[in-house]
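Comments concern the structure below.
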Amino acid sequence: MADRRVPPPWQDRLRRRALLAWRRTRVRLRVLARAWQRSLRVRVSVTTVAVGLVALLTLGAALSGQVRDSLYDARVDEVLTDAAVRAEQAQSAFDNSNAARSQDVVVLGYDVLNSLATTAGAASVLLLRPPGQGTQFPELASDNNQRALITAELREAVRGGDRQMWQAVAIKTGDGEVPGIAAGTMVTLPLVGASELYFVYSLSEEQATLDLLQRVLLVGALALVLLLLVMTWYLTKQVLTPVQQAANTAGRLADGLLDERMTVRGVDELAVLARSFNEMAQSIQDQIERLAHLSQMQQRFVSDVSHELRTPLTTIRMASEVLNASRDDFGPIEARSAELLATQLDRFESLLADLLEISRFDAGAATLEVEETNMVVAVERVIDIVEPLAEQRGSPVARTLPEVPVRVDMDTRRVERVLRNLLVNAVEHGEGKPIEVTMAANARAVSVVVRDHGIGMTPAAAARVFDRFWRADPARTRTLGGTGLGLAISLEDAHLHGGTLEAWGSPGEGAAFRLTLPLRAGLEVREHPLPLVPPREQSDPVEERDPAGPHALPDDFMVEVSE
Amino acid sequence: MSPRVLVVDDDAALSEMIGIVLQSENLEPVFSYDGTSALEVFRSSQPDLVLLDLMLPGIDGIEVCGQIRAESGVPIIMLTAKSDTTDVVSGLEAGADDYIAKPFKPKELVARIRARLRRHEEPETERLLIGDLVVDVAGHRVTRGEEVINLTPLEFDLMVALARKPWQVFSREVLLEQVWGYRHQADTRLVNVHVQRLRAKVEQDPENPEVVVTVRGVGYRAGAPPTR
């Protein structure tokens with residue numbers, strides 16, 4: 001069977017084509033709009049040309065109107081004078097005639113008309129009888145084609161007064177119309193009596209002059225607009241090139257190329273811009289270099305202090321250990337003193353180490369030694385280390401860790417230090433109640449939450465817990481020998497990784513700390529894989545009315561590992 | 001005869017204290033208080049081990065380290081107050097075997113020294129093959145064909161540890177425990193630097209190691225002997 005596919009109806013095709021065209025137009029419009037938004041040059045050029053065009057058109061219209069009016073007025077005056085003179089000549093010709101019969105009058109009329117038509121500048125001359133006065137005298141016209149130009153209105157006006165009357169008319173020619181003037185006046189013919197004499201003048205010459213003028217104006221205007229466009233384009237280039245250069249230079253400066261400068265040419269405003277820009281860049285460079293120098297000095301100071309303090313500390317330390325090792329040979333007072341000396345030296349040493357660590361962060365001298373590591377292993381290792389201490393205090397440590405490796409770009413030493421701090425902290429404040437360590441990852445980040453059920457803390461305390469040497473309760477002594485800098489250092493460690501460390505607490509319910517790190521160095525943490533506030537203890541009353549019930553786990557309480 | 005330890009430190013009190021501790025551990029201390037005289041004292045005393053402070057007046061500790069290493073494979077342990085700086089790496093690269101960060105405990109110091117002084121007393125007639133090298137454990141010699149390659153005791157120990165178990169990939173932590181005697185966490189830079197130094201001596205092309213092979217993300221392994 002032959003393939004008799006029915007072509008889609010033409011409406012459909014048309015609609016589709018229209019849709020396509022509309023889409024294309026929209027795309028083009030969007031491109032234009034973008035060019036308009038993004039390029040000052042396009043904006044300035046388009047605006048200038050538009051304003052120039054409007055101004056020129058207005059000017060041209062006003063000018064050609066003025067010229068037309070004066071040309072017209074002059075011509076009308078000339079025409080009317082001519083018509084009046086001719087009418088008088090015709091009247092005197094009629095007055096002097098001695099025609100006795102109406103045929104003679106007709107002949108006379110023709111003669112006069114013909115002589116008028118040939119001598120006057122008029123396109124045609126007509127001699128008409130007022131209506132209702134018989135038809136024995138015919139209408140006489142040098143050009144019958146133009147009889148229609150004489151309107152009843154004009155004729156009435158001519159008949160109504162004894163003055164010359166005129167009207168603007170449009171004379172039909174082979175190819176269109178030219179403006180013209182029809183002027184009429186009353187003459188008295190012998191025998192026949194009052195008749196109407198009309199002259200029709202063409203204004204085609206004036207029209208031609210006007211046309212020429214308008215053409216010249218238009219061409220001139222177009223040339224001007226084009227010139228304007230080129231000028232604006234060039235001028236904006238002149239102005240914008242340095243601006244563009246300034247933007248590029250500023251960009252490079254921002255990227256840290258502090259030696260970047262603009263080239264200064266001439267003494268104009270743009271040169272001033274370049275010079276000011278360079279001064280600013282110089283000033284910024286000086287400031288940055290001074291700060292860098294200060295930071296360098298600070299670092300050197302820290303390292304010097306480190307060395308200077310550590311060498312005598314080593315000696316003291318060793319002496320104390322030697323004494324402490326042989327304390328069995330001492331009396332009770334000396335033995336206890338040796339013991340105290342040894343333990344307090346431990347404390348002094350860790351305090352010194354923490355102080356140096358903090359000052360390294362302050363100096364911006366802390367560096368991250370990142371390596372892709374399975375963080376689950378690190379978390380387990382830290383728990384293994386702290387667990388004996390926790391058990392000693394009666395706090396079991398429950399682990400909820402991902403079963404698959406979670407590979408994180410991290411500085412293992414720092415991350416383990418943070419986790420150790422959090423865990424020891426939980427043991428210290430856990431009052432022998434269970435401690436939970438939960439870990440989960442999503443596509444971008446990994447979170448570890450360390451939760452205790454001890455004395456807890458107020459939200460105000462949770463906000464200050466990372467402050468240096470801060471204590472929730474100054475009366476409480478540190479039982480596990482913390483320096484008061486542990487959490488401050490942990491926070492800095494987390495920030496160094498591009499991660500976060502947050503605290504939550506509720507008096508009597510315990511506290512929770514959440515460490516969140518990006519999986520890859522430089523990745524931005526958007527969503528924490530674990531909630532900080534435990535869902536059961538949520539203090540927010542709105543959350544308690546959650547239809548899923550207070551025991552429901554939040555949606556993100558799951559392990560998502562991209563590998 | 002008790003092993004002799006040269007202590008190079010500009011701090012007299014610390015030197016004396018170290019001396020007391022060493023003597024109590026039956027080690028014989030010799031002292032030098034600046035970098036300039038360190039090499040002379042080293043030559044005259046012929047110590048079994050050197051404790052070297054990194055910051056010294058006169059010649060810098062790193063330079064002293066290089067000078068000693070240039071003429072002897074004797075174990076060198078650096079004493080440093082700045083364990084986290086590049087100084088440690090520079091010291092290791094200059095030939096130091098190990099380092100101890102100040103402030104340290106006497107036990108720690110003695111353990112480090114003992115680990116470096118430890119000799120394989122029992123006669124071993126083992127001959128190990130690693131890459132295209134032959135390791136004579138008893139004779140403390142490494143040869144490639146006829147050529148003898150000079151290694152420091154530490155580098156030799158590292159080679160032996162790898163060559164004894166050619167099927168095993170050693171993590172940096174395991175090597176630290178076996179070769180350096182660390183039980184707990186230590187600085188894995190020690191391993192990295194010494195593997196580099198070892199490669200510079202034993203590899204035909206250190207860029208493409210065939211004797212000490214890196215296993216990415218895990219550690220190091222002995223290169224297979226060439227099949228004949």
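The figures follow:
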{"item": "Residue check, A:Ala319 facing chain B (nearest Cβ under 8 Å) and aliphatic (A, V, I, L, M)", "result": "yes"}
{"item": "Failed criterion for B:Glu173 (all others in (1) within 14 Å of chain A (Cβ to nearest Cβ); (2) over 19 Å from the mean Cα position of the chain (by Cα); (3) acidic (Asp, Glu) hold)", "result": "(2)"}
{"item": "Test: B:Val50 is away from chain A (no Cβ under 14 Å), assigned to a strand (DSSP E or B), modelled with pLDDT of 85 or more and within 13 Å of the chain's Cα centre (by Cα)", "result": "yes"}
{"item": "Filter result (of a type in the set (A, V, I, L, M), within 11 Å of another protein chain (Cβ to nearest Cβ), crowded, with 19+ Cβ neighbours inside 10 Å and out of contact with any Ser or Thr (no Cβ under 8 Å at 6 or more places or on another chain)) within the stretch B:1-47", "result": "B:Ile18, B:Val21, B:Leu22"}
{"item": "Search result, residues across the stretch A:267-304 that are in contact with a Ser or Thr (Cβ under 8 Å, 6 or more places away or on another chain) and either within 14 Å of chain B (Cβ to nearest Cβ) or without any contact (Cβ under 8 Å) to a residue 24 or more places away in the chain (or both)", "result": "A:Val302, A:Ser303"}
{"item": "Set A:Leu356, A:Leu341: member being facing chain B (nearest Cβ under 10 Å) and in a helix (DSSP H, G or I)", "result": "A:Leu356"}
{"item": "Failed condition for A:Ile171, given (1) part of a strand (DSSP E or B); (2) touching a residue at least 40 places away in the same chain (Cβ under 8 Å); (3) closer than 19 Å to A:Gly109 by Cα; (4) out of contact with any Pro (no Cβ under 7 Å at 6 or more places or on another chain)", "result": "(3)"}
{"item": "Residue list for the stretch A:198-251, restricted to those being surrounded by 14 or more Cβ atoms within 10 Å (Cβ to Cβ), closer than 21 Å to A:Val272 by Cβ and not β-branched (Val, Ile, Thr)", "result": "A:Leu235, A:Leu240, A:Pro242, A:Gln245, A:Ala246, A:Ala250"}
{"item": "Which numbered condition B:Leu109 fails, given (1) within 13 Å of another protein chain (Cβ to nearest Cβ); (2) under 23 Å from B:Ala161 (Cβ atoms); (3) in contact (Cβ under 8 Å) with a residue 12 or more places away in the chain", "result": "(2)"}
{"item": "Extreme residue, nearest to the other protein chains (Cβ to nearest Cβ), among residues of the stretch B:64-106 that are touching a His at 6+ places or on another chain (Cβ under 8 Å) and of a type in the set (A, V, I, L, M)", "result": "B:Ala81"}
{"item": "Candidates B:Gly19, B:Gly66, B:Gly73, B:Gly58, filtered to the one that is in a loop (DSSP other than H, G, I, E, B), of a type outside the set (Ser, Thr, Tyr) and without any contact (Cβ under 8 Å) to a residue 40 or more places away in the chain", "result": "B:Gly58"}
{"item": "Only one of A:Val424, A:Val379 that is β-branched (Val, Ile, Thr), modelled with pLDDT of 90 or more, closer than 23 Å to A:Gly510 by Cβ and in contact with a strand residue (DSSP E or B) (Cβ under 8 Å, 6 or more places away or on another chain)", "result": "A:Val379"}
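The values are calculated or read from the model by the stated rules, or taken from the named source; none is laboratory data. In this text, all values refer to a predicted model and were calculated from it rather than measured experimentally. A quick note on method: Cβ atoms are made from the backbone with ideal geometry, for glycine too, and the neighbour counts reach across all protein chains shown.
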